[in-house]
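Inspection log for the structure reproduced underneath, given as structure tokens.
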Amino acid sequence: MTADTDAARGIITRGVVLTLLGLLGIAVEMVLAIKFTPVEALQGPAQKIFYVHVPAAVMVLWVAVPLAAIAGLLYLWLHDPRLDRFAAASAEVGTMFCLVVIITGPIWARPIWGAWWTWDGRLTLTLFLFFLLLGYHTLRSAIRDPNERARFSAVLGGMGLVLVPFIHLSVYLWRGLHPKPIVLKPSAPSLPPEMLRTLLIGFAVTFIFYLGLVTLRYGIQLRDDLKEAADAA
Amino acid sequence: MVNALKLAFAIAGKDIRVELRTRTSLLSAAVFAVLVLLVFNFGRDPTAVATIDLAPTILWVTVSFASVVAMNRAFTVERENAAFDGLLLAPVPRESIYLGKYLANLAFVLVVEAIALPLFILFFNLDIVQALPGIILTLLLATAGFVAAGTVFSAMVVKTRFAELMLPLLLLPFMVPPLIFAVKTTAPLFAGRPLSSVVDGLRFLLVFDICIITVSVLLFTAVVDE
């Protein structure tokens, strides 16, 4: 029992260290983006938000949410509570990144597009993903039994995994204004090397930040679960 | 396979019989749909916006709200007297239970839509008789998709606190793709274009239905099996 508690404490410590490292990295990236990366010719300083917005968006759309959904589906197969804990942690951190994307997007869009919000494909997708994540957390908080909670949220995650491509497709066919991908595309990245460097550093530090927060969240959940089990016994 | 379908029909038949004896949820969902239509009638300025421009929106907002109300019913009736435990103990595959519940839900929502559609045409003075087959087809295809997701969610939310509030929260994001394409399909039909001009939208709805029904059947087992 105490060994488990120690393990939980160890995970929390590791999470705190990683999170701080990630934050430090993001601070370095900010300095790099503002001071040592050229100003974009057409958009001016507004483009700087790109170095926050794009890594956060990639983190939620390609890392946090898919991993949470996959961990949930694996839980349905293996019934390992660690998978559920990870899924919940990843979804929660993903929600935070999603909020960052939704807040930084309009700040950029206002001077560049002249509007805070448009019903563009990717904006709509991100917004609905955010609502889906909120639904996920609300569902989790409304169920007391841990097994039931794990199963239900895994089911919702699996359904979401099917839904998201459809939202993407439907809004893509609908209308589009958002800039197209410039790094992850079939041809070479269409970005000056200095900007690409800052962006890649952004991806790396944001990923460390994500890992740190997920580890921290996982450790806290583990500690709470152990405490609950000890209280029940 | 045939047996599983027969069982599914039996469960759907049971649900429909139970509902026809009381008619409470069906009636309340239908009345709710009519009230939404009435609210829309007063919430717009007919001199500023032509009814025909607003009609697809009104139809689909009404349909989606009324469906959520209708779907809340599916598993709340099973909660009374632990009826659902009896259903789970019966030697019936989980897939049949899901399909039965799905078919019953689909029937309810379609009945509510069948009540709302004529009133919608009547209230808003729409001259759309020639477009009616296309609109009915769109309604069928769009409804089939989100009811599939709604059936899984209504089985989950009955076990939670605030079940009635939780269902729309989970389900509305799943209504977005079918709604977008249903509106895209009905708008040209209302404007008098032929059915052949909206085949792509209908095809999209069909693909969505197939995917969401498949994944719902697969995941429903995880909802009910402890």
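When the convex hull of the Cα atoms of segment A:8-81 is projected onto a plane and the area is averaged over all directions, what value comes out in nm²?
The Cα convex hull of segment A:8-81, projected and averaged over all directions, gives 6.7 nm².
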Stokes-Einstein diffusion coefficient of chain A, Kirkwood radius over Cα pairs, 25 °C, 0.890 mPa s, in µm²/s: 128 µm²/s
Computed over segment B:2-224: relative contact order in percent, which uses C-alpha pairs under 8 Å that are six or more apart: 28 percent
Extended-chain gain in nm, criterion 0.36 nm per residue less alpha-carbon gap, B:Asn41 and B:Val224: 61.7 nm
Dipole magnitude of the protein assembly as shown about its Cα centre (Cβ charges: Lys, Arg +1; Asp, Glu -1), debye to nearest 20: 440 debye
Sequence ranges A:92-104, B:168-180, ranked by mean other-Cβ count within 10 angstrom, highest first: B:168-180, A:92-104
Shielding by partners, peptide B:153-166 (average Cβ within 10 angstrom, other chains): 4
Segment B:2-224 - Rg over Rh from alpha carbon coordinates, Kirkwood radius: 0.99
Of B:Val18, B:Val198, B:Val77, the one that fluctuates the most in a GNM where chain B has Cα springs shorter than 10 Å: B:Val18
For the protein assembly as shown, convex hull volume per residue from C-alpha positions, Å³: 175 Å³
Angle between chain A longest axis and helix A:81-113 axis [Cα atoms, degrees, rounded to 10]: 20 degrees
Under the Debye formula (equal points on every Cα, no solvent term), log10 I(q)/I(0) of segment B:109-226 at q = 0.18, 0.19, 0.21 Å⁻¹: -0.96, -1.03, -1.15
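As an exercise, use a Förster radius of 35 Å and the Cβ-Cβ distance of B:Leu140 and B:Ala48 to find the FRET efficiency, rounded to the nearest 0.05.
0.60
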Extended-chain gain in nm, criterion 0.36 nm per residue less alpha-carbon gap, B:Thr214 and B:Ala90: 42.3 nm
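Over segment B:2-224, how many pairs of lysines fall under 17 Å by alpha carbon, counting only those 8 or more apart in sequence or from different chains?
Value for segment B:2-224: 4.
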Partner chain coverage, peptide A:138-145 - average Cβ within 10 angstrom: 5
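Each value in this text was obtained by applying a stated rule to the coordinates, not by laboratory testing. Because the structure is predicted, anything quoted here is derived from the model rather than measured. FYI the Cβ positions are ideal-geometry reconstructions off the backbone, even for glycines, and counts take in every protein chain you see.
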